[in-house]
Amino acid sequence: MNRLRRYLPAAVRVTLGAIFIYAAVVKIADPVAFAGSVAAYKILPYFANYLAAAVLPFLELFCGVLLVLGYRVKAGALIIAALNVVFMAAVASAIVRGLDIDCGCFKQGGDKTSPWIALARDTVFLAMTFVVLKLDPGARRHPSPPMQEQ
Amino acid sequence: MRAWEDGATIDAMLKRDRFITVAEICLIIIISASAGVAWNWSLLTGAWRGEATQQAQPSAPTGEELPMPIGLMQVKEMHDSKQAVLVDARNAASFAEGHITGAIILPLDQARKNLSFPSSAKVPKDATIIVYCNGFSCHDSMEVGKLLMQAGYASVYVYEGGFPEWRDAGYPVATGGT
């Protein structure tokens, strides 16, 4: 149990970081296609789709690297949590508006990912972020106070 | 007295922590935004001016000639000056529901079987053709564009924003008529 408590947060942190690095790299490799995926949500005006497609993958990349390295974990995890909330809101709005689009979460083009699957996946990522924020020692700047002596 | 036993000290430390975390978040966002803008500078400046975006289709075999992408503003200019023939690559139902005014329908399925325009439309081989479908996530326009190029049409463009972007920009649309 102690071992699980010791290694689980680190494993979750590195996994989450690696997922975001992968997501970022495939988007950076094809920014036009990612701009298309962002535009398909019909939320942002024309140029903002390109701006989001240019900036978001780098934000994912930097935060992913920070999580993998265990450096500035709290800041990186908080940004990833915020990104996940934004992604979930966008996917939910696509479901509500009945848009038949690919979520654009990872590899651009190819088979469509159901928005419900995307939503479930983002929920898992958000839960992983909370595990990191709550349990990973890197997310705490100060050690916990010792137990009070009886 | 230990530091964590002092309430005021704990408050001060928490405040300081919060400030540092917010500062770190701001710094990460600034660095990411700068890197993203720098990395995609030509794409962003092109998009800002409404220019056609660079083609990014790594799956295309080397040597295959691809239609050039074209942006909303150019499409509007060429539409208004009647310099180009607009081709709608969506199906008949979507076309009837709404299409760019003056566009000709040529769904991908039909183009694969028999690449011919409706008899009422005369499209010479040297005409400038702009193919569109249902926006960035729709690839039928690119496929129809490739088929048109293979059929000998020399000047073929793909409008990636497609009908949704055109309609949302408030430009003229028509309904019915296939």
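The values are calculated or read from the model by the stated rules, or taken from the named source; none is laboratory data. None of the values given here were measured: they were computed from a predicted structure. Note that we place each Cβ from the backbone using ideal geometry, even for glycine, and neighbour counts take in every protein chain shown.
Some points to look at:
- B:A38 at pLDDT 70 or above, facing chain A (nearest Cβ under 8 Å) and under 26 Å from A:A48 (Cβ atoms): no
- Options B:S59, B:S32; residue that is small (G, A, S), modelled with pLDDT of 90 or more and farther than 30 Å from B:G176 by Cα: B:S32
- Members of segment A:37-55 that are assigned to a helix (DSSP H, G or I), more than 7 Å from chain B (Cβ to nearest Cβ) and either in contact (Cβ under 8 Å) with a residue 40 or more places away in the chain or buried (at least 23 other Cβ atoms within 10 Å of the Cβ) (or both): A:V38, A:N49, A:A53
- For A:A23: the one exception among (1) within 11 Å of chain B (Cβ to nearest Cβ); (2) among the aliphatic types (A, V, I, L, M); (3) assigned to a helix (DSSP H, G or I); (4) in contact (Cβ under 8 Å) with a residue 60 or more places away in the chain: (1)
- Meets criteria (crowded, with 18+ Cβ neighbours inside 10 Å, at the interface with chain B (Cβ under 9 Å from one of its Cβ atoms) and outside any helix (DSSP H, G or I)) for A:G104: yes
- Residue list for segment B:131-172, filter: within 14 Å of another protein chain (Cβ to nearest Cβ), without any contact (Cβ under 8 Å) to a residue 60 or more places away in the chain and among the aromatic types (F, W, Y): B:Y132, B:F136
- Residues that are within 22 Å of A:P31 (Cα to Cα) and not in a helix (DSSP H, G or I) within segment A:69-101 comprise A:L99, A:D100, A:I101, listed in sequence order.
- Residue match in segment A:98-117 (condition: on the phi > 0 side of the Ramachandran plot, more than 16 Å from the chain's Cα centre (by Cα) and at pLDDT 75 or above): yes
- Some residue of segment B:6-17 being more than 13 Å from every other protein chain (Cβ to nearest Cβ), outside any strand (DSSP E or B), more than 21 Å from the chain's Cα centre (by Cα) and modelled with pLDDT under 80: yes
- Some residue of segment A:87-100 being at the interface with chain B (Cβ under 10 Å from one of its Cβ atoms) and closer than 30 Å to B:S94 by Cβ: yes
- Condition check for A:L59: over 15 Å from B:I25 (Cα atoms), surrounded by 22 or more Cβ atoms within 10 Å (Cβ to Cβ) and either modelled with pLDDT under 85 or under 14 Å from the mean Cα position of the chain (by Cα) (or both): no
- A:V32 being within 10 Å of chain B (Cβ to nearest Cβ) and under 23 Å from A:P115 (Cα atoms): yes
- Neighbours by Cβ (under 7 Å, 6+ apart or cross-chain): first from segment A:131-146, facing another protein chain (nearest Cβ under 9 Å); second modelled with pLDDT of 60 or more and not in a loop (DSSP other than H, G, I, E, B): A:R141/B:D17; A:H142/B:M13
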